Amino acid sequence: MKRFFLYAIATVFFCGVAVADTTLSITHGPTPAPTVIDMGEQGDSVGDVRIWRFSAKSSDNQDVMMDWLMTTTGYAAHSKELESRITLSVVSFDDKGKDTIQLQGVGLYPITGSTLKSEDTLERAVIGGTGKYMGASGAVTSTHLTDDSWQHIFHLD
């Protein structure tokens, strides 16, 4: 029993080390048009949900699938042209959904657009993962590049 306990502790310790202090980079082209569910008042309003699913590539050339849900929660106090949206995303590193990273955060987005303006950057929290990313934490910085592509830098603790 003692040997099993030590084995279990060592397994947990070494699994955590696999993603500790890791930086991942994921890039993709322009985001496709989202599916929009108009939940609030007709047109852009609180409660609207935008949904995306599209492919990307990791810096080590892995195929990546990105699923995004973005819900409008309010408007910026300092601008009538920006709205607050909460984002939940699952980034899948295999086609079975085994190795994933989940992220969540809030940002200000142009009311008239689906995504950040070009050259804008937004940081969100890494809130977990599955498979080799089980228990992942940290942050991801997403940047909308001038050529309309995107870069997401994951800093995993």
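Nothing in this text is a laboratory measurement; each read-out follows from the coordinates by a stated rule. All of these numbers come straight from a predicted model, not from anything done at the bench. For neighbour counting, all protein chains shown are included, and Cβ atoms are generated from backbone atoms with ideal geometry for every residue, glycine included.
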* With +1 on each Lys and Arg Cβ and -1 on each Asp and Glu Cβ, how big is the dipole of the chain about its Cα centre, in debye rounded to the nearest 20? -> 760
* In what sequence do T35, T130 fall when counting other Cβ within 10 Å, fewest first? -> T35, T130
* Asked: Binning every alpha carbon pair distance of the chain at 10 Å from zero, what are the percents per bin?
  -> 10, 36, 30, 15, 6, 3, 0
* Between the range 111-157 and the range 59-73, the alpha-carbon center distance in angstrom -> 8
* Sort V49, V140 so the one with the fewest other Cβ atoms within 10 Å of its own Cβ comes first. => V49, V140
* Pairs of lysines in the chain (C-alpha under 24 Å apart; 8 or more residues apart or interchain) -> 7
* Structure fact -> Rounded to the nearest 10 degrees, the helix 2-19 long axis (Cα) sits at an angle to the longest Cα principal axis of the chain of 40
* **Expected 222 nm ellipticity per residue - DSSP helices of 4 or more, -39500 (n - 2.57), all of the chain, to 500** => -4000 deg cm²/dmol
